[in-house]
Amino acid sequence: MTNESLWLVLLLLNFGAILAVYRVFGRAGLWAWMPLAAITANIQVLKTIELFGLTATLGNIVYAGSFLVTDILSENYGARSARRATYIGFAGLAAFTALMAVALWFEPGVDDFAHEALGTIFTVLPRITIASLAAYLIAQLHDVWAYAAWRRRFPGRRFIWLRNTASTAVSQLLDSVIFTLVAFLGVFRGQILLEIVVTTYVLKLLVAVVDTPLVYLARFWFDRGVIRDQDNDELTLSKGRSSP
């Protein structure tokens, strides 16, 4: 399979998994997804690939999917729930980095075969993680704020596409620029660095546009009361929204 075909497979797998955890576990499933996405994306981003004729990094799909998660939470539960997901993801990534750093300090046994491979990946993770944490907090918190702001101005359910796309477009730009410059400045030459910035943003923005129907689907499930963690207060909140 080509890289482009595999990119599409990864996109569908990521979207399917997010919908599955939401449908089965509700809001708690989305909260749990955030650290998983942050950790997975920060490992995948170490691999550079050729995609659509340009240099790109892996991790774009998985990380961009976290914006889908916060948009679903913002839509169905409000900004407070989405911010909590952001902080959970931040804490999970920070803890994972610390745990792996300590693990590498152990002297490997004579029969060990994994230490060198782990060192290759995780000795560069702190810089990636610093870049990710800075970009993560700024971009994710902006996304939550922007989604709420667009929702106040365009509250109808038919404007979900506008809230989702408008909030994520700026947030993804912030994320791409901050992360790429902090993580790779001095690592890649200028042309490659620019390609990574451009492709990272374009690919993440594409994910944001494509995932819009999923936010509608999540809202539909919520309005129908099929999400398991819903209580009376949440149902009341949902019914009280304008839904022309």
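The values are calculated or read from the model by the stated rules, or taken from the named source; none is laboratory data. In this text, all values refer to a predicted model and were calculated from it rather than measured experimentally. Counting neighbours? That spans all protein chains shown, and the Cβs are built from the backbone with ideal geometry, glycine included.
Observations on the structure shown:
- Within region 99-117, the set of residues being surrounded by 13 or more Cβ atoms within 10 Å (Cβ to Cβ) and either without any contact (Cβ under 8 Å) to a residue 12 or more places away in the chain or over 19 Å from P35 (Cα atoms) (or both) comprises L104, P108, H115.
- Selection within region 85-105: residues that are aromatic (F, W, Y) and at pLDDT below 95. The member of this set that is nearest to the chain's Cα centre (by Cα) is F90.
- Some residue of region 15-28 being small (G, A, S) and closer than 21 Å to T129 by Cα: no
- Matching residues in region 221-244 - criterion: being assigned to a loop (DSSP other than H, G, I, E, B) and either modelled with pLDDT under 85 or under 30 Å from V177 (Cα atoms) (or both): R228, D229, Q230, D231, R241, S242, S243, P244
- Any hit, region 146-165, residues being within 25 Å of F122 (Cβ to Cβ) and either buried (at least 17 other Cβ atoms within 10 Å of the Cβ) or touching a strand residue (DSSP E or B) at 6+ places or on another chain (Cβ under 9 Å) (or both): no
- Entry remark, region 149-189: residues being aromatic (F, W, Y) and not in a helix (DSSP H, G or I) number 2 in total.
- The one condition in (1) exposed (fewer than 14 other Cβ atoms within 10 Å of the Cβ); (2) assigned to a helix (DSSP H, G or I); (3) modelled with pLDDT of 90 or more that T120 fails to fulfil: (3)
- Condition check for V45: β-branched (V, I, T) and modelled with pLDDT of 85 or more: no
- Selection status of L141, touching a Gly at 6+ places or on another chain (Cβ under 8 Å) and either aliphatic (A, V, I, L, M) or without any contact (Cβ under 8 Å) to a residue 40 or more places away in the chain (or both): no
- Scanning region 123-148 for residues that are closer than 27 Å to L99 by Cβ, in a helix (DSSP H, G or I) and β-branched (V, I, T) gives I128, T129, I130, I138.
- Candidate set: region 49-67, residues that are in contact (Cβ under 8 Å) with a residue 12 or more places away in the chain and not hydrophobic (A, V, I, L, M, F, W, C); chosen: the one surrounded by the fewest Cβ atoms within 10 Å (Cβ to Cβ): E50
- As a summary of the residue check, A218 satisfies the conditions (1) surrounded by 16 or more Cβ atoms within 10 Å (Cβ to Cβ); (2) in a loop (DSSP other than H, G, I, E, B) except for the one numbered (2).
- Of the set (1) farther than 16 Å from V202 by Cα; (2) free of Cβ contacts under 8 Å to residues at least 12 places away in the same chain; (3) not acidic (D, E), all apply to L8 but (1).
- Filter result (farther than 16 Å from I121 by Cβ and not in a helix (DSSP H, G or I)) within region 34-72: I49, E50, L51, F52, G53, L54, T55, A56
- If only residues of region 166-195 that are within 15 Å of A135 (Cα to Cα) and crowded, with 21+ Cβ neighbours inside 10 Å are counted, the one that is farthest from the chain's Cα centre (by Cα) is A183.
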